[in-house]
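The values are calculated or read from the model by the stated rules, or taken from the named source; none is laboratory data. Every value quoted in this text rests on a predicted model; they were computed, and no experiment measured them. Every residue, glycine as well, gets a Cβ built from its backbone with ideal geometry; the counts of neighbours run over all protein chains shown.
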Amino acid sequence: MTLEETIELMFDLQKSQPKEREYPIGLYIETKMYKFYVDNYGIDPAEKLYEVLKKYDLETIEKSQNSLPIIVECFEHESLEKFETLSDLPLIYLMNTHNIDHYSLEDVAKYAHGIGPTNSRLYKGTFLKDAKALDLQVHPYVIKDDALHFTSNAVDETMYYLDQPIVIDGLFTEFPHTTYVIFEDHAKTQWGREAKFM
């Protein structure tokens with residue numbers, strides 16, 4: 001599917017959502033191989049993404065938040081730094097074993113709204129505390145029911161993130177049906193009310 005087709009599908013799906021839903025469903029879009037396309041083809045993926053979003057009136061928080069909220073992510077800081085000059089949409093710098101120690105959180109905080117670290121790095125040392133001190137959102141990846149990192153079952157694995165003293169702001173999952181049910185049950189138990197999730 002092209003991005004245009006995805007956006008149009010999402011608009012169609014929004015129409016079938018329950019009227020009482022508090023938040024519209026959004027898109028979390030990753031720009032990939034930024035330097036490759038810029039260096040080899042003279043194509044700027046950040047600019048191309050902005051053009052598509054503008055075509056659908058989604059290129060700012062104000063325009064997108066009530067129709068199709070957008071978050072932009074990338075492993076390459078150059079892409080996010082460029083997109084930050086074009087739009088105020090939330091930007092998440094993805095961090096893996098290759099780039100996590102080569103670019104400081106202080107630098108990331110200059111252009112991004114948050115980080116997406118690997119779950120294996122999240123609770124090492126003061127990493128999470130340092131990120132929150134810089135007002136960076138933290139969206140670790142990735143929960144997999146069939147590949148556990150911290151516990152011996154999928155429920156406890158998800159709860160591991162929820163029971164930490166420092167709260168994360170989002171979570172990537174490859175099993176959304178499981179994660180949703182666990183989050184919903186946790187919200188009822190902890191807060192005594194129904195949860196509403198995007």
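Observations
- Residue 165 under 17 Å from the mean Cα position of the chain (by Cα) and without any contact (Cβ under 8 Å) to a residue 40 or more places away in the chain: no
- Selection within the range 134-154 - aromatic (Phe, Trp, Tyr) and either loosely packed, with under 13 Cβ neighbours inside 10 Å or in a loop (DSSP other than H, G, I, E, B) (or both): 150
- No other residue among 101, 39, 88 is at pLDDT below 95 and of a type outside the set (Ser, Thr, Tyr) apart from 101.
- Some residue of the range 171-180 being touching a Pro at 6+ places or on another chain (Cβ under 9 Å) and either of a type outside the set (Asp, Glu) or within 27 Å of residue 64 (Cβ to Cβ) (or both): yes
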